[in-house]
Ligand SMILES: C[S@@+](CC[C@H](N)C(=O)[O-])C[C@H]1O[C@@H](n2cnc3c(N)ncnc32)[C@H](O)[C@@H]1O
């Protein structure tokens, strides 16, 4: 299963009311949305039909989220599903997560793309390979280290892996404690020290198994009932989390 097949499965499972993505490019991921959406990319070149009612922002995600009311286009100030696929450098991807988290409920779902590089060259911060992940894998590791309250699941999607993040907490107010220290230690010159477990996908789950989890129905029911609570949502995924 590739990233777009998994994202299509997420649209079905999460039944989002709204969708946001950083990194639109030609619109291959955006075309999967059928709900009010926001797409952010300083250089998008959409070459296909988009069926969602979308605000396309030709800018960087940092500039976009610094605006006074960035989600003004959406009917509700909440992002139910987000795809983080903009600048492929760890600190940018992490900032995208922190910025989007301000507009979430515990039932919101975020997916990072390109988190499981196949080799060290691909993970270079300076793009030197056709298929480029950069060091985005460090952003999801930072969430594991700094935010143990989140559910962070690596997925063995083709070609370069994705990572699902569940149970965000908007009350963090767009801040990540420890961010500055993390930047200082994590952002290092190439080549990147990609852990063997990342290259070997040791801890990555089968995306089809994750999409088949009973947790999605539970998440949608809790959201619909206005009872989206992180513990209850996490419990729903016990069939894949153990
Ligand atoms: C891998 S492509 C996105 C692919 C798309 N999500 C898909 O799956 O079809 C990455 C995109 O991120 C955009 N990008 C680069 N820097 C960005 C930034 N700071 N904020 C938002 N997007 C950025 C690039 O212009 C590029 O189009």
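The values are calculated or read from the model by the stated rules, or taken from the named source; none is laboratory data. Quick caveat, the model's predicted, so the values are computed rather than measured. Every residue, glycine among them, receives a Cβ derived from its backbone with ideal geometry; neighbour counts consider all protein chains shown.
Out of region 71-105, which residues are in a strand (DSSP E or B) and more than 22 Å from residue 192 (Cα to Cα)? Explain how you work it out, then say what you get.
Kept after step one, since they are in a strand (DSSP E or B), are these residues of region 71-105: 81-84.
Selection gives 81, 82, 83.
Given the options 112, 83, 103, name the one that is within 17 Å of the chain's Cα centre (by Cα), free of Cβ contacts under 8 Å to residues at least 60 places away in the same chain and closer than 23 Å to residue 234 by Cα.
The unique qualifying residue is 112.
Right, residue 52: in a loop (DSSP other than H, G, I, E, B), over 23 Å from residue 174 (Cα atoms) and either more than 12 Å from the ligand (Cβ to nearest atom) or modelled with pLDDT of 95 or more (or both) or not?
yes
Note down all Cβ pairs under 7 Å where the first residue falls in region 40-69 and is more than 15 Å from residue 29 (Cβ to Cβ), the second is in a loop (DSSP other than H, G, I, E, B) and more than 8 Å from the ligand (Cβ to nearest atom), and they're at least six residues apart or on different chains.
42/58; 53/36; 55/73; 64/70
Which one of 70, 36, 75, 42 is more than 7 Å from the ligand (Cβ to nearest atom), surrounded by fewer than 19 Cβ atoms within 10 Å (Cβ to Cβ) and modelled with pLDDT of 95 or more?
Step by step, each of 70, 36, 75, 42 is checked, and only 75 is more than 7 Å from the ligand (Cβ to nearest atom), surrounded by fewer than 19 Cβ atoms within 10 Å (Cβ to Cβ) and modelled with pLDDT of 95 or more.
Name, by its number, the condition in (1) farther than 23 Å from residue 88 by Cα; (2) surrounded by fewer than 21 Cβ atoms within 10 Å (Cβ to Cβ); (3) touching a strand residue (DSSP E or B) at 6+ places or on another chain (Cβ under 7 Å) that does not hold for residue 2.
(1)
Kindly indicate whether any position in region 189-201 is within 30 Å of residue 67 (Cα to Cα) and either in contact (Cβ under 8 Å) with a residue 24 or more places away in the chain or in a helix (DSSP H, G or I) (or both).
no
Could you please give the count of residues in region 1-31 that are farther than 17 Å from residue 61 by Cα, more than 9 Å from the ligand (Cβ to nearest atom) and in contact with a helix residue (DSSP H, G or I) (Cβ under 7 Å, 6 or more places away or on another chain)?
Residues flagged as farther than 17 Å from residue 61 by Cα, more than 9 Å from the ligand (Cβ to nearest atom) and in contact with a helix residue (DSSP H, G or I) (Cβ under 7 Å, 6 or more places away or on another chain) within region 1-31 amount to 8.
Quick check: is even one residue across region 84-94 more than 22 Å from residue 175 (Cα to Cα) and in contact with a strand residue (DSSP E or B) (Cβ under 7 Å, 6 or more places away or on another chain)?
Start the filter on region 84-94 by keeping residues that are more than 22 Å from residue 175 (Cα to Cα), which leaves none.
No, region 84-94 contains no residue that is more than 22 Å from residue 175 (Cα to Cα) and in contact with a strand residue (DSSP E or B) (Cβ under 7 Å, 6 or more places away or on another chain).
Test residue 58 against the criterion of being more than 18 Å from the chain's Cα centre (by Cα) and either within 13 Å of the ligand (Cβ to nearest atom) or closer than 20 Å to residue 134 by Cβ (or both), and give yes or no.
yes
Only one of (1) surrounded by fewer than 20 Cβ atoms within 10 Å (Cβ to Cβ); (2) under 15 Å from the mean Cα position of the chain (by Cα) is not met by residue 166, so which one is it?
Of (1) surrounded by fewer than 20 Cβ atoms within 10 Å (Cβ to Cβ); (2) under 15 Å from the mean Cα position of the chain (by Cα), only one is false for residue 166: (1).
Here are 148, 117: which of them is in a loop (DSSP other than H, G, I, E, B) and without any contact (Cβ under 8 Å) to a residue 12 or more places away in the chain?
148
Test residue 181 against the criterion of being at pLDDT 95 or above and either under 17 Å from residue 94 (Cβ atoms) or surrounded by 15 or more Cβ atoms within 10 Å (Cβ to Cβ) (or both), and give yes or no.
Judged against the criteria, residue 181 is a match.
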